[in-house]
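Here's the structure, in structure tokens; my notes come after.
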There are 2 protein chains.
Amino acid sequence: MRDAYHEELDALTGRLVEMTRLVRSAISRATTALLDADLHLAESVISQDEEVNRIFAEVEATIFDLMARQQPVAVDLRMIIAALRMGTDLERMGDLAEHVAKIARLRHPDSAIPPEIRATILEMGQIAERLITKTGSCIASRDVESALELEADDDAMDKLHRRLFTILMAPDWKYGVEPAIDVTLIGRYYERYADHAVRVAHDVVYLVTGSRPADSNAF
Amino acid sequence: MRDAYHEELDALTGRLVEMTRLVRSAISRATTALLDADLHLAESVISQDEEVNRIFAEVEATIFDLMARQQPVAVDLRMIIAALRMGTDLERMGDLAEHVAKIARLRHPDSAIPPEIRATILEMGQIAERLITKTGSCIASRDVESALELEADDDAMDKLHRRLFTILMAPDWKYGVEPAIDVTLIGRYYERYADHAVRVAHDVVYLVTGSRPADSNAF
């Protein structure tokens, strides 16, 4: 049987996995809100980000408490450091989903997304969901191999991000500046969301192996 | 006299202050590179970001080593946690300055910044420098009061960021989509740079008082 201390560490993992579920749901709903100009859904993403922040505050409090009481070493210490970083990144992913939802709300009842861009945004949303789903599994399973596999999805996201700019800068772009600004920001939010998912997965690698893969910083 | 352990903690503070100097210089040169379409200066920002990353890697290594060897408690533990977070934010600020420089390089020999935008970007660059200078002083002095004063500069940055959008979306904007995309991204980079500076200052407050002010998340 595990002692109370290790049960607290396990609970921390559970809270992080819960955060991944919340920020997955947030980006999923934000994408739909954006594509369908659904104000109600956008509002739900914006109001529910508080829940992510609340869990992160709890995670932080637990970590500081564990550090003060237990003076963790070796893998436990790595777990605590990794949890703090993972929590920070997941909290930020919630913010990014909220930013996407805020653009949907700002342009309602219009859609911020011109027809030519819809397929790309839909795909970015799907990749974001796939990434965070895999990240959640990585945290739960501590599977280093699958953590390293996230790179491929992140590359796919970067490719879609570049495709957005190609569409925006094409001579036949007919929507003018305002939608171009919206799409630029939205693209950036998805791309950053993916980067943070990869960072979280890298912290799983750190937790298990003691060393962290270099984060790519292409953009 | 201080023991070796506390000398190591002091050295950590010194390394973080050094990071603030490097990312201050980076954003300063990136702003000039952008406004003067100075390719040489842009390249220097891009190549020198490695130095920031290198120092951060050292800071991380020192922290993990201290945690494993010393099992720090109370204010020392807070110093270590805060240093890890501050280092993460400062490293990101270096990336953001690099992103600004990359846009300058991409548009060279043209300037990415139309004349109507120059004054606003110049001011954003100045506020960014002021923020990071104050942040550096806060880290060195552990002055909670001045750490909390950074909010005013951050508000000024947000105001300039909004002004950018007003100019971009005005009916008399005559530069089309590409410069609008550049300016949108550049504005975002400065605004995030300021956010990270405030986060670092908030970690000084945490370090001294044991609790951290809430980060604003207006955008």
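Quick notes on this structure:
- Estimated dipole of region B:1-97 in Debye, rounded to 20 [Cβ of Lys and Arg +1, of Asp and Glu -1, Cα centre]: 300 debye
- Lys, Arg +1 and Asp, Glu -1 on Cβ, resulting dipole of the protein assembly as shown about Cα centre, debye, nearest 20: 420 debye
- Inter-centroid distance (Cα atoms) of region B:76-109 relative to region B:110-133, Å: 18 Å
- Debye intensity ratio I(q)/I(0), log10, chain B, q values 0.10, 0.12, 0.13, 0.19 Å⁻¹ (C-alpha model): -0.46, -0.64, -0.73, -1.28
- Simple point charges give the picture: +1 on the Cβ of Lys and Arg, -1 on the Cβ of Asp and Glu, and for region B:4-209 a dipole about the Cα centre of about 300 debye.
- The ranking of A:MET67, B:MET124 by Cβ neighbour count inside 10 Å, starting from the fewest, reads A:MET67, B:MET124.
- Residue of B:ALA197, B:ALA152, B:ALA140 that the Gaussian network model of chain B assigns the largest fluctuation, springs spanning Cα pairs under 10 Å: B:ALA152
- Summarising the label geometry, the points placed 7 Å from Cα in the beta-carbon direction at A:SER141 and A:GLU8 lie 3.0 nm from one another.
- Selected from A:LEU66, A:ILE80, A:ALA37, residue furthest toward positive end of dipole (region A:1-88; charges at beta carbon): A:ILE80
- Label points for B:ALA68 are taken 7 Å from Cα along Cα→Cβ. From this copy to the others they lie 2.7 nm apart, shortest first.
- For region B:4-209, relative contact order (Cα pairs under 8 Å, six or more residues apart, normalised by length) works out to 31 percent.
- Percent of C-alpha pairs per 10 Å bin, region B:51-107, short to long: 23, 38, 23, 11, 5, 0
- The ranking of B:TYR193, B:TYR5, A:TYR189, B:TYR206 from fewest to most other beta carbons within 10 Å of each one's beta carbon is B:TYR5, B:TYR206, A:TYR189, B:TYR193.
- GNM top mover of B:ILE127, B:ILE139, B:ILE181 - chain B, alpha-carbon springs below 10 Å: B:ILE181
- Label zone (B:ASP172, point 7 Å along Cα-to-C-beta; backbone nitrogen cut-off 20 Å) within region B:97-116: B:113-116.
- Note on chain B: GNM, Cα springs under 10 Å; of B:GLY94, B:GLY136, B:GLY176, the largest mean-square fluctuation is that of B:GLY176.
- Taking the convex hull of Cα positions in region B:1-65, its mean projected area over all directions (nm²): 4.8 nm²
- Fewest-first ordering of A:ASP158, A:ASP49, B:ASP203 by other beta carbons within 10 Å of each residue's beta carbon gives A:ASP158, A:ASP49, B:ASP203.
- Between region B:18-37 and region B:144-219, the alpha-carbon centres lie 16 Å apart.
- Counting only lysines at least 8 places from A:LYS134 when in the same chain, those with an alpha carbon closer than 30 Å to its own are A:LYS102, A:LYS159.
- Net charge, B:MET67 excluded, C-beta distance under 13 Å - Lys, Arg +1, Asp, Glu -1: -2
- Here the scattering of the protein assembly as shown is modelled by Debye summation over its C-alpha atoms, one equal scatterer each and no solvent; at q = 0.07, 0.08 Å⁻¹ the log10 of I(q)/I(0) is -0.34, -0.44.
- Local electrostatic count at A:GLN48 - Lys and Arg +1, Asp and Glu -1, tallied over other residues with Cβ under 10 Å: -4
- Nm distances between copies for B:SER137, ranked from closest, using label points 7 Å along Cα→Cβ: 5.2
- Leading residue at positive end of dipole, region B:4-209 (Cβ point charges), from B:PRO179, B:VAL17, B:SER28: B:PRO179
- For region A:13-103, the Cα-based Rg and Dmax, in that order, read 15.4, 50 Å.
- Between copies, the label points of B:ASP172, set 7 Å from Cα on the Cα→Cβ line, lie 3.4 nm apart, reported in increasing order to one decimal in nanometres.
We did not get these values from a lab; they are worked out from the coordinates using the rules stated. The structure presented is a predicted model; accordingly, all values stated were derived computationally and were not measured. FYI the Cβ positions are ideal-geometry reconstructions off the backbone, even for glycines, and counts take in every protein chain you see.
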